[in-house]
Amino acid sequence: MTKERFQTIVDEALKNFPVYFLEKLKNVAIVIEDEPSDFQKRQLGYTDGNCLLGLYEGIPQTKRGIYNKAMPDKISLFQKNIEIFSEGKEEKIIKIVYDTIWHEIAHHFGLGEEEIREISKKKSQFNKDKF
């Protein structure tokens, strides 16, 4: 998939994201990278067998004190990993991009992995029941 098409998918996902959350994002850049750097993988303890789809790097809003002149927080989406995980199917790429953005924004708002997993299970169950 071209970078331009992937960027369009990211832009569309953000347009469909609840405005309530987007308005509360503070000092966050959302970027597309091919894959995580060696430094990012080492920091997280990832090995070559792991597939990191996205990453939040920054100070969650719940842990910020005085937050002046700070570099923006960063949400990275790893295009190659998302494409591999989705088997290159655009429909799956769209869903994974949206879910990954949601996951990383949740970190920005201070949620940990366990909390995000629990909410994701409930969200998934709700969608199964609804549709």
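The values are calculated or read from the model by the stated rules, or taken from the named source; none is laboratory data. The structure displayed is predicted, hence computed values, not measured ones. All Cβ positions, glycine included, derive from the backbone under ideal geometry; neighbour counts span all protein chains shown.
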Practice item. Any chance you could count how many residues in the stretch 23-66 are assigned to a helix (DSSP H, G or I), modelled with pLDDT of 85 or more and more than 18 Å from K80 (Cα to Cα)? Key: 2
Review point. Does at least one position in the stretch 100-110 carry a residue that is surrounded by 15 or more Cβ atoms within 10 Å (Cβ to Cβ), closer than 14 Å to F6 by Cα and in contact with a helix residue (DSSP H, G or I) (Cβ under 6 Å, 6 or more places away or on another chain)?
Key: yes
**Study point:** Residue identified as of a type in the set (D, E) and assigned to a loop (DSSP other than H, G, I, E, B) among E83, E87, E104, E91
**Key:** E87
Revision key, fill the gap. For V10, the lone unmet condition from (1) closer than 20 Å to A106 by Cα; (2) within 14 Å of the chain's Cα centre (by Cα); (3) not in a helix (DSSP H, G or I) is (3)
Exercise for review: Can you tell me which residue within the stretch 87-97, out of those that are in contact (Cβ under 8 Å) with a residue 12 or more places away in the chain and out of contact with any Leu (no Cβ under 9 Å at 6 or more places or on another chain), is surrounded by the most Cβ atoms within 10 Å (Cβ to Cβ)?
Suggested key: I93
Revision key, fill the gap. Matching residues in the stretch 76-92 (out of contact with any Lys or Arg (no Cβ under 9 Å at 6 or more places or on another chain) and over 21 Å from S37 (Cα atoms)) number 5
